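Just so it is clear, none of the values below were taken in a lab; they were calculated from the coordinates. If you're wondering where the values come from, they're calculated on a predicted model, not measured in any experiment. Heads up, the Cβs are rebuilt from the backbone with ideal geometry, glycines too, and the neighbour counts pull from every protein chain shown.
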DNA sequence: TAGGGGAACAACCACTGGTTGTGCCCACCC
DNA sequence: GGGTGGGCACAACCAGTGGTTGTTCCCCTA
């Protein structure tokens, strides 16, 4: 089954005659006949009954037609997803289960008509380069990396402070605590595999360690959060830190505990970054949505690295809510299903650890 | 863009190396390389960055990947829609805006996991033949046509009595009535274009005329319900009858009135027909749903033709609600969007009146 | 610096998918 | 009732796509 045959089938079904379909597709009637015959051979059913004055759909043809239209629609959407200029809003998140992903899902629920593509880049440097080149339209990052301010043409807005929580197995010494202070964590082994030096989230953990004298082990390969949770659950001496807004596939029966950390609460400062002057019509809607829904960051009793931008910095007032004129260049067709698409980590099994810029590492 | 290239792209993205993708697809590495290159040429963007130890997705590649997966999923669903044995439940309705369509939409809302295909056949004869051949699994019809009882292997259940309503323009003599009796209709011109002699719905109107002495004009070509409503709205001397459960695209500003008909209320007796012994796992669920939601038919004060089967005839007690074992052979994938598909009449403009078995005629 | 792994390039070949020309069938019409 | 015309299928032919094998190039690694 190839798309050209399917397109021909739809054209012939609409026209009711192969000849008209051929004219519309700028081929000969014989070509249409052969394409339809090939499609029928592929599917194993007759799609048209040939009559002296045209071709009528069989029952199978009627059943197949809406699926064929779907197929063409999805193909068009796929092609437009990489079409410069009028493509969906493309947003980088730090991981598929991160708080940024949750924010994007909420945005999609609030604006289902805005088409979205979600990608996952390696670190803030990659993301900022992609922003400036126009490859992406926005990114959720904890700007700025220490010592390197954001470029002048990149704007940002603090959108979410995500408190870290301690994750332990049922036999851990702190398992029954309702909350723990940062001071209580000193001396306990905290295991966070997959930290890549040089990234902004590695810098976050570095600062956390330096500030409070924690013991964070980043050793060993990262086999994904499932393996991490298994190990944590089974190892009384081991705990890990995890973003409180992270949505996990929570394994049942492991007795895992999520315990808030206080005094102060370390928070991961998610910001939205975008290039000044990016004309994508959906970008103001995203900014307005985040400005409206984000809890006030920088709450007392929390800690962030000194290089995290304050929530008031360099961020102009959020744009007014998107009006009809600000709709995406390719408005979603009514009833055309979900307009968001993102590559989740739960796809088919990989034969080997993913290559960059993929990342399955645990992040705040 | 052809599906084979897209399939190759997904395989390469999953594997991270062209060679592994080639092995999985049983082609050579060079073939994969050429397919990917062709796809990139088609789309106009680079999808992979080639590295010494494999190929990584570019940002465009990451954005394209979920759409590519969608495309393959939809293609698979399209192919399975005509796969004998494990295809979606295929139901014939009398028209896309009919009460049967509404019932099917309600069923889909109640059981979104059951995949459905909706087709529209010409009349009860065609539908029954399709039932017996297995081309469809169920049909909503007003059985049985006069003088011809249903075949012995076809079962039926009365599922909806649809009251007819009078539809008039604002200047019609009866426009301001809250309801009209059948007797009041005598003498008024009732226009129902598109009645095809020999069909069971033509027989319904014939009986209605014979019983109450109405004046029904079936003259003129049928240009669809929009044109019908336009004419009704503008012509004070003309009215039409319409099923009270019909969902119309209601034109604003026309001043159209829907007026109940009483004493008695003519109702169109929708029944569900299916072949005895049809093993489709979703069929019991549909029957149970309809049995549970259908209003009790045959209410006093209503009229149906004498040949309409009574609601108690030949219909065994509805099957128990479908249990997990009765799920469709191809269960909907989680999060895979709507599982219902039907050819609606609002598709692309046709170049000429539709060929049979299409029908745009107005029906009860 | 040599070796190895992985993708791209080149040349070749089969077969797909287009074209033109023609035949057949049925509805319609004189 | 037979001629006519419209519409699809079949046949023959041809170009170009898309596969193969053989080879080169590049970069990481030992």
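Summary table
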| quantity | calculated |
| --- | --- |
| Exam field: residue B:171 pseudo-label spacings to other copies (7 Å along Cα-Cβ), nanometres | 9.0 |
| Ratio Rg/Rh [Cα only; Rh per Kirkwood] for segment B:3-80 | 0.96 |
| Mean Cβ count within 10 Å, highest first, over the residues of peptides A:89-97, B:255-263 | A:89-97, B:255-263 |
| Position residue A:85, label points 7 Å along Cα→Cβ, spacing to each other copy in nm (shortest first, one decimal) | 4.9 |
| Test item: B:31-43 mean partner chain Cβ contacts at 10 Å | 1 |
| Calculated diffusion of segment A:163-266, Stokes-Einstein form, Kirkwood radius summed over Cα pairs, 25 °C and 0.890 mPa s, µm²/s | 177 |
| Neighbour-count order for B:205, A:204, fewest beta carbons within 10 angstrom listed first | B:205, A:204 |
| Theoretical FRET efficiency, 1/(1+(r/R0)^6), r = Cβ-Cβ of residue A:106 and residue B:4, R0 35 Å, to 0.05 | 0.40 |
| Calculated SAXS-style log₁₀ I(q)/I(0) at q = 0.14, 0.21, 0.23, 0.32 Å⁻¹ - segment B:16-61, Debye, Cα scatterers | -0.31, -0.68, -0.81, -1.18 |
| Packing-based exposure ordering (other Cβ within 10 Å, fewest first) of A:219, B:302 | A:219, B:302 |
| Percent antiparallel among DSSP beta bridges (both partners in segment B:162-266, rounded to 5) | 55 |
| P(r) histogram, all alpha-carbon pairs of segment A:36-134 included - 5 Å bins from 0, percent | 3, 10, 13, 14, 13, 9, 7, 8, 9, 7, 4, 2, 1, 0 |
| Cβ-vector label at 7 Å, residue B:132, separations to other copies in nm | 7.6 |
| Relative contact order of segment A:156-222, defined on C-alpha pairs under 8 angstrom at six or more residues apart (%) | 32 |
| Peptide A:6-16, shielding by other chains (average Cβ, 10 Å cutoff) | 3 |
| Distance from segment A:244-293 to segment A:34-73 (C-alpha centre basis), Å | 48 |
| Residue order, fewest to most surrounding Cβ atoms within 10 angstrom, among A:267, A:45 | A:45, A:267 |
| Inter-chain shielding of B:77-87 (mean C-beta neighbours from other protein chains, 10 Å cut-off) | 5 |
